[in-house]
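S.K.: A single structure is presented below for examination.
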Amino acid sequence: RAVMYGLWKAYFPLHKRLLGRRTGIHPDHSLEYHALTTFMWWGRFFPVSFARLRFAMSQVDAFQPTPVTSIVEVINCTVAIDQVPDIQKNHCDVKGLYLHHHNNSPTEYTLFYLYGGAFVSGDAKGNAGPADVFCRNCGLDVFIPTYRWAPEADIQDLLWDTALAFRW
């Protein structure tokens, strides 16, 4: 991230001086827009893969300026279910983070927080900050499940993990 900010500080004034507003779709857009679209034009030569997408998503800040103030409990337990599909026999564990608002006693209601990432990236730990804001503002405990990602897992696996976490 620091390297990219440094490169942008060198690239943007150069682009502004040499090309200005001649490179974007419309000349009325900002100079930053023109510089960014010129820079991103080269991205079409690098096909998107899940590894690149996950790396890019790991560089996005999903935090609040204040640290997590709630009590965080790491959940890793097996849920007993009567009827488990054969394909899911080895996946009856619920994993995630449980954020307690006040003390170790649970509140009456718990917010079930599914973080963004389109089921291909993201994690519970990286989304604990925004969930903590909900926890403090609403006075509720928050549960952030950890689930498998596509394409390593198919849609039935993703739905199984989230439904199992919700049942827990």
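S.K.: Amide H neighbours of ALA150 under 5 Å, at least 5 residues apart or on other chains, H built in the peptide plane: list them.
M.R.: So ALA150 has HN proximity to VAL120.
S.K.: Full-extension gain between LYS16 and TYR33, please, as 0.36 nm times their residue separation minus the C-alpha to C-alpha distance.
M.R.: Working: separation 17, 0.36 × 17 = 6.12 nm, distance 1.07 nm.
Stretched fully, the LYS16-TYR33 segment lengthens by 5.1 nm.
S.K.: Rounded to the nearest 0.05, what FRET efficiency do THR110 and VAL84 give with R0 = 22 Å and r taken as the Cβ-Cβ distance? Could you check? Intermediate values should be presented prior to the final figure.
M.R.: Details: r = 24 Å, r/R0 = 1.08.
The calculated FRET efficiency here is 0.40.
S.K.: Run down the lysines and flag those whose C-alpha is under 16 Å from the C-alpha of LYS95, throwing out any fewer than 8 positions away in its chain.
M.R.: Partners within reach: LYS125.
S.K.: At 1.4 Å probe size, with every protein chain present, just tell me what the per residue accessible area of the chain comes to in Å². Before the final figure, lay out the partial values.
M.R.: Numbers: 11540 Å² over 168 residues.
Dividing the accessible area of the chain by its residue count gives 69 Å².
S.K.: Assuming R0 = 30 Å, what is the FRET efficiency of VAL74 and ARG52, from their Cβ-Cβ distance, to the nearest 0.05? Intermediate results must be reported in sequence, preceding the final value.
M.R.: On the way: r = 29 Å, r/R0 = 0.98.
Efficiency for this residue pair is about 0.55.
S.K.: Here's another thing I want to ask about it. Could you sort ILE25, ILE155 by accessible area so the largest value comes first, with the probe set to 1.4 Å? List each step's numbers first, then the result.
M.R.: On the way: ILE25 150, ILE155 95 Å².
So, going from the largest accessible area down, we get ILE25, ILE155.
S.K.: Grab the other residues whose beta carbon is less than 13 angstrom from that of LEU36, score K and R as +1, D and E as -1, and report the net. Don't skip to the end; give the middle numbers.
M.R.: Working: positive: LYS16, ARG21; negative: GLU32.
Charge balance in the 13 Å sphere: +1.
S.K.: Please give the Cα centre distance for the range 154-168 versus the range 78-93, rounded to the nearest Å.
M.R.: Cα centroid to Cα centroid, the span is 11 Å.
S.K.: Give me the percent of accessible area attributable to carbon and sulfur for the range 43-156, probe 1.4 angstrom.
M.R.: Here it works out to 59 percent.
S.K.: Let me ask something else about it. Roll a 1.4 Å probe over the protein heavy atoms and report the accessible area of MET40 in Å², nearest 10.
M.R.: 120
The values are calculated or read from the model by the stated rules, or taken from the named source; none is laboratory data. As the structure is a prediction and not an experimental result, all values here were calculated from the model. Cβ coordinates were reconstructed from backbone atoms using ideal geometry, including for glycine residues, and neighbour counts include every protein chain displayed. Note: accessible area is taken over every heavy atom of the protein model, side chains too, but ligands, DNA and RNA are not part of it. Shrake-Rupley method; radii C 1.70, N 1.55, O 1.52, S 1.80 Å.
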